[in-house]
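Asker: My structure is below; once you've seen it, I'll send some questions.
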């Protein structure tokens, strides 16, 4: 049995939700891989050159995220807000426009 035949019985809305969740989780995995590689290569190289093994003051701390104006853009929920809040705002705007149009 082919995987595409298995998905024929799944409703379209479930397929869309599954696709969105896979897309978002793969994006988060890619960001975490970038952070891991940054810590592995750059931070360790700087610490090696600066003599971190002999003096704790010379150590560069590892990166925990991608911070811009104090917001961690590598956080899962921040990514969800960035992706879904504009869509939610658009649908709210359209719904209120449709609802208030008929109110007189």
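The values are calculated or read from the model by the stated rules, or taken from the named source; none is laboratory data. Not measured: the values here are computed from a predicted model. Reconstructed Cβ throughout: ideal geometry from the backbone, glycine too, with neighbour counts over all protein chains shown.
Asker: All but one of (1) loosely packed, with under 11 Cβ neighbours inside 10 Å; (2) modelled with pLDDT of 85 or more; (3) part of a helix (DSSP H, G or I) hold for residue 100, so report the exception by its number.
Answerer: (2) is the only condition that residue 100 fails.
Asker: In the stretch 1-77, which helices (runs of 4 or more DSSP H) lie fully inside it and hold 3 or more residues that are at pLDDT 85 or above and surrounded by 11 or more Cβ atoms within 10 Å (Cβ to Cβ)? Can you show your working first?
Answerer: Numbers: elements: 3-6, 12-37, 44-50.
Passing ranges, in order: 12-37, 44-50.
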